[in-house]
Amino acid sequence: MSWRKVLSDNLLLSASQSWIGSRFSSQLELTSSLVKSNLIKSPQISEIFSKLDRSAFTDDENPYENKPKGILCGEVMTSPSTHALTLEILLPNILSSNKILDIGCGNGYLSQCIALLNPNSKVIAIDIHKELVEKAIFLSKLPNLMFRKCEAHEIIDENFDLINVGFTATENLYKFLVEKLGDDGTILCPVNKGIGNHWILHKKGGEHENLGEVGFSEIRNEENLEEDLGKVEENIKQIYAETERKIGRRPNVGDLPADLQPFLKERRVLIAKLKKAGKYEEKPKTI
């Protein structure tokens with residue numbers, strides 16, 4: 001099947017950025033809506049989607065809303081429509097693959113779907129965040145699913161029948177991952193093409209389809225980290241200034257609100273990553 005002929009650019013972008021659908025009260029209601037919207041076509045996917053409840057994977061008060069949801073480490077859980085579309089595109093490959101790699105797995109929702117669709121496969125899911133990998137391990141009891149904390153370029157001595165990438169990769173990373181495919185292996189990867197991010201479905205030594213423009217998050221490189229750190233530090237400064245305004249003096253540690261702590265933790269994590277990459281210069285601390 002040529003997915004490029006089936007999917008319109010609007011459907012792809014809508015699904016990947018969650019401009020379709022609304023809030024639902026249960027996983028079953030969400031799944032039913034995706035089936036009616038024709039985003040879920042396969043009975044196997046419908047069955048797994050209806051049973052694997054998204055509320056266990058996010059603390060958001062509307063877990064069944066068709067939008068990306070915040071999870072640990074400042075990352076997001078991809079929207080239900082994008083998960084459904086990914087599984088539909090890859091279903092024949094999932095069912096025929098022995099070894100599957102899911103990159104940027106987050107808390108492992110899509111990884112579990114893949115592993116459940118083919119219990120005879122070995123699924124390896126990776127993410128750069130230790131906290132997310134630990135959460136994914138806690139949420140999964142599947143014997144054919146393994147989680148690792150590592151970066152995509154650290155996959156060196158292994159080859160896979162199928163690779164799924166959950167973020168927008170650079171052209172160089174995409175080419176590197178293609179080399180990690182076994183004979184007749186397939187990769188589905190959003191790639192930054194300079195004039196937009198495009199979903200590429202590529203079979204090694206065979207078909208290469210550009211499915212269209214999608215709205216996945218960018219790969220977390222050093223440039224992203226520096227930008228993220230700047231945003232976090234701005235939030236810290238705002239909370240500090242607001243506290244000082246309220247109490248009329250320079251605040252002590254005990255004066256600062258509890259909602260400051262997540263930003264401080266995130267700042268420590270980002271600084272550690274930038275130091276590891278040799279991209280961080282020590283600055284005088286304000287707190």
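Could you work out the relative contact order of the stretch 3-213, using alpha carbon pairs under 8 angstrom and six or more residues apart, expressed as a whole percent?
Details: 397 pairs, mean separation 34.5, N = 211.
The value is 16 percent.
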Item checked: Full-extension gain in nm, Glu154 to Glu281, via 0.36 nm per residue minus C-alpha separation -> 43.1 nm
Notebook entry, point to check: Along the stretch 197-207, what does the Karplus equation 6.51 cos²θ - 1.76 cosθ + 1.60 (θ = phi - 60°) give for ³J(HN,Hα), rounded to whole Hz, x for Gly and Pro?
Noted result: 9, 10, 7, 10, 10, 10, 9, 4, x, x, 5
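Taken together, the values in this text are just the output of simple stated rules run on the coordinates, not laboratory data. Quick caveat: nothing in here was measured; it's all calculated off a predicted structure.
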